[in-house]
Each structure stands twice: as structure tokens, then as C-alpha cells.
Amino acid sequence: MRSKKWLWGALMIMALLSSCIARRDINMLTDPSLSNGSSKLFENRKFEYRIQVNDVLSIRVIGIDDQTNKFFNVENTNGGIGVNDASLYVNGFSVNKNGNIELPTIGKVKLQGLTVEEAQDLVQRKINEYFTNATVVLKLVSYRVSVLGEVGAPGSYIVYNNQITIFEALALAGGAREFADKERVTLMRQSDRGVQALYLDLSSTDVLSSEYYYLLPNDVLFVPTLKAR
């Protein structure tokens, strides 16, 4: 009787282990309709992030006199232009609840709802009304995404090019680890109404056409550990 119990227990353990092993080799972006040498277009909406309330912008104005330069541009303790993320964030221009930023000399400028490129063009036009031969460089410095769970380097990452896909975010975080469940990745997204949470199946190419393929500022991706089934 004891040997039968041991055998049953051993079989159960082997079944669990085989279940884990069978599921640990889940690939990303699989599509049965694709074969070697074939191709398929996955359409997704062109993503252009639009500035929102509480965003922080770095605005540099190049080509103005030294005195005016101090009002627009962040300086470090050595007298040069500060380029570290913390100084850009702390000394950046915040978009207030009305969608405006407050610029020295210029005053209020409404940027909410504009793309970064549109905002830069608008600020450039405003600057041109007061200064000649000045060039505006505007960047979003509050674009940060977090990747947690079964990845190589969990953490929070700053996005510098105004857009990032799910897979680019995973790459920043060192990629999915061996026992990552790529079929049930959780995306948490903040909104005015609260936090939206949803599952994304990264094993399917369907995600390439998803409205969630591009991440927004403050998005959090959680990659869970595989469970035995």
C-alpha cells in the first residue's frame, strides 16, 4: 500500500513538472497562418502622444542672450546646462489643471491635447514674438513606464523618443525570463477615472494590432510567473 502511495505521489509530481516544462517554452508572436518566407501586415493606429495635465516638459531656448537664457534653461552647479533626468524633471514646466504652462516673459501657453511636435512649434512661434534667432527644443520628461515581474531587470524606465511599444519596454527591462507567462501579461493604465487593468497575450500576433500595443506615460506592465496546469 505504501509503495502504491509513493508511486501515486511520484506520478503527481512528474505530471506537475511536465506541465511546467511543457508550458515554459511559450514563444511570443506566434501565428499559425505564417510560414517560412511568408509575410503579413498588422495594422495599428499611428501613435502620437498628446500632452496631458500634470505632464512635465523640458523647454530649452537656444540663441538668446545669457541673462534671458537663465530663465528658460536649467543650469547645473558647474554653470553648464543640466542634462540629468532629475534636474530636467524638477526644473521642467508642468502642465497645470487648465492645460497651460507658464513661460518667463511669454506667459501662459496652452499645450494640452497637442503632440510634442505641435507643442514645440507653438512655443517657437510664441518665442519668435519676443526674441530673434532663437530655437526652441521641447521634450516630454515625464514619460516613464514600469516593467515588473518575470523580466531580467524589473524597474521604471524613462522614454526619450515620445513613444514605446510593449516589446520595446520588455527589451529595456531585460526581456521576459524563462518562466514568464507571456499569455497573461497585465497592463495597468492610469486615467482620470482610476486604474484600468487588462490582460495581454504576447504569444499571439494579435497584440500587434491592439490599441494597447503602444504604452502611455505611467503604464505598468506586470509579467507573471507560469503556473502549472
In segment 151-170, how many residues are among the small types (G, A, S) and buried (at least 16 other Cβ atoms within 10 Å of the Cβ)?
1
State which residue pairs qualify: first residue assigned by TED's automatic domain parsing to the domain that holds G107 and inside segment 118-136, second residue at pLDDT below 95 and part of a helix (DSSP H, G or I) in any location, beta carbons under 6 Å apart, and separation of 6 or more residues or different chains.
A134/I127; V136/I127
Given the condition among the acidic types (D, E), farther than 27 Å from K108 by Cβ, in contact with a Ser or Thr (Cβ under 7 Å, 6 or more places away or on another chain) and assigned to a loop (DSSP other than H, G, I, E, B), answer yes or no: does some residue in segment 185-208 qualify?
no
Applying the selection to segment 174-224, what residues are more than 21 Å from G152 (Cα to Cα), over 15 Å from the mean Cα position of the chain (by Cα) and touching a residue at least 40 places away in the same chain (Cβ under 8 Å)?
S204, T205, V207, L208, S209, S210
Would you pick out the residues in segment 144-185 that are more than 13 Å from V220 (Cα to Cα) and of a type in the set (S, T, Y)?
Y160
Of the conditions (1) farther than 20 Å from Q52 by Cα; (2) in contact with a Leu (Cβ under 9 Å, 6 or more places away or on another chain); (3) at pLDDT 85 or above, I106 fails just one. Which one is it?
(2)
Give the residues of segment 41-72 that are farther than 16 Å from L103 by Cα and at pLDDT below 85, sorted by residue number.
L41, F42, E43, N44, R45, K46, F47, E48, G63, D65, D66
In segment 209-226, which residue that is part of a strand (DSSP E or B) and out of contact with any Phe, Trp or Tyr (no Cβ under 6 Å at 6 or more places or on another chain) is nearest to Y143 (Cα to Cα)?
V220
Meets criteria (at pLDDT 90 or above, crowded, with 18+ Cβ neighbours inside 10 Å and more than 21 Å from Y143 (Cβ to Cβ)) for L187:
no
Set V141, V116, V147: member being modelled with pLDDT of 95 or more, among the hydrophobic types (A, V, I, L, M, F, W, C) and surrounded by 17 or more Cβ atoms within 10 Å (Cβ to Cβ)
V147
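The values are calculated or read from the model by the stated rules, or taken from the named source; none is laboratory data. On a predicted model such as this, the values are computed, not experimentally measured, just so you know. Backbone-built Cβ (ideal geometry, glycine too); neighbour counts: all protein chains shown.
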